1. I need the strands (runs of 3 or more DSSP E) fully contained in the range 79-133, keeping only those with at least 3 residues that are at pLDDT below 75 and out of contact with any Asp or Glu (no Cβ under 8 Å at 6 or more places or on another chain).
2. Out of everything in the range 152-176 that is among the β-branched types (Val, Ile, Thr) and open to solvent by 10 Å² or more (accessible area, probe 1.4 Å), what residue ends up being nearest to Gly192 (Cα to Cα)?
3. Can you name the residue in the range 1-51 that is open to solvent by less than 50 Å² (accessible area, probe 1.4 Å) and charged (D, E, K, R) and is also modelled with the highest pLDDT among such residues?
4. Which pairs have Cβ atoms under 6 Å, sit 6 or more apart or on different chains, and link a residue in the range 68-79 that is among the polar types (S, T, N, Q) to one that is loosely packed, with under 13 Cβ neighbours inside 10 Å and modelled with pLDDT of 95 or more?
5. List pairs: first in the range 151-166 and under 24 Å from Ser26 (Cβ atoms), second assigned to a helix (DSSP H, G or I), Cβ under 9 Å, 6+ apart or cross-chain?
6. Is one or more of the residues making up the range 94-102 among the hydroxyl-bearing types (Ser, Thr, Tyr), within 22 Å of Asp13 (Cα to Cα) and open to solvent by less than 50 Å² (accessible area, probe 1.4 Å)?
7. Exactly one of these conditions fails for Lys181: (1) outside any strand (DSSP E or B); (2) modelled with pLDDT of 95 or more. Give me its number.
8. Only one of (1) modelled with pLDDT of 95 or more; (2) crowded, with 19+ Cβ neighbours inside 10 Å is not met by Gly192, so which one is it?
Amino acid sequence: MTPASPNNIIVHDSLFSGEDLNKMLSFCKSQTTWSNSIFYSSGKLQTYPDEKTNFHNATPEVFNLFVNILNIIKNKIERSYGTRVVPKKNEAIRRWSPGEFQDVHADSELATGEFISLQYITDEDQNIDESEHSLPNDFVDFSSVFYINDDYKGGELFFPEYDVKIKAKSGSFITWPSNAKYLHGVNKVIDGYRYTIPSMWYSEKAVLLNSIKSFKCARSISEENYKNKFVKTSVL
């Protein structure tokens, strides 16, 4: 992967037929249950004002299309950035309604570049520090968004540092590194509904970081060099 630059924000052309895209879009439009995301922050559960639906209740044909999308994205990320990845399990379709937008943010770090790690605990008698803010996507390395449709106005993905604004075609997808060198947001949807499949991806190193308990020496290095804060949390 090249140093931080717009070259790492990659638009991948569609590999799907118009017929397949119409089947996926028809599934989206047929859904009546769209739920908000729930996350833990500031010692309490909070709701993120998005609309998501799971595609596991699709017909086998349409479900296989969605699975194929994730396999294609995985392959493209590995070839584009030169590292093997595994997906974070968030298999859902995101619906953006008119008036919705997303502020500038990074997917795996604070906008300042600082990040928060998790010190996993399994002892129920240990106290959990609920005073810190944890990140929604710990240690993810890459982000992607697949576009099911493009018949809406507004809703462009933009990266302000690189003056990049993208209105992707249906069937295409965009990939980029998840860190604060790639701050991004979504412009307000003006008209129509924007249907996408957002995904997060771990490198193999990130999988290891998410599964082991932090060593004291690693913690001190991280705190000294990255102003990192370690938060205790339970493994469910």
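The values are calculated or read from the model by the stated rules, or taken from the named source; none is laboratory data. All of these numbers come straight from a predicted model, not from anything done at the bench. Glycine gets a Cβ as well: all are built from the backbone with ideal geometry, and neighbour counts include every protein chain shown. Note: areas computed on protein heavy atoms with side chains; ligands, DNA, RNA excluded. Shrake-Rupley method; radii C 1.70, N 1.55, O 1.52, S 1.80 Å.
1. Values: elements: 85-87, 92-96, 102-105, 116-121.
Output list reads 116-121.
2. Of everything passing the filter in the range 152-176, Ile166 is nearest to Gly192 (Cα to Cα).
3. Asp20
4. If the second residue must be loosely packed, with under 13 Cβ neighbours inside 10 Å and modelled with pLDDT of 95 or more, no pairs are left.
5. These pairs meet every condition: Asp151/Leu25.
6. Within the range 94-102 (the criterion being among the hydroxyl-bearing types (Ser, Thr, Tyr), within 22 Å of Asp13 (Cα to Cα) and open to solvent by less than 50 Å² (accessible area, probe 1.4 Å)), the answer is no, since none of the residues qualifies.
7. Going through the list (1) outside any strand (DSSP E or B); (2) modelled with pLDDT of 95 or more, Lys181 breaks only (2).
8. Checking Gly192 against (1) modelled with pLDDT of 95 or more; (2) crowded, with 19+ Cβ neighbours inside 10 Å, the one that fails is (2).
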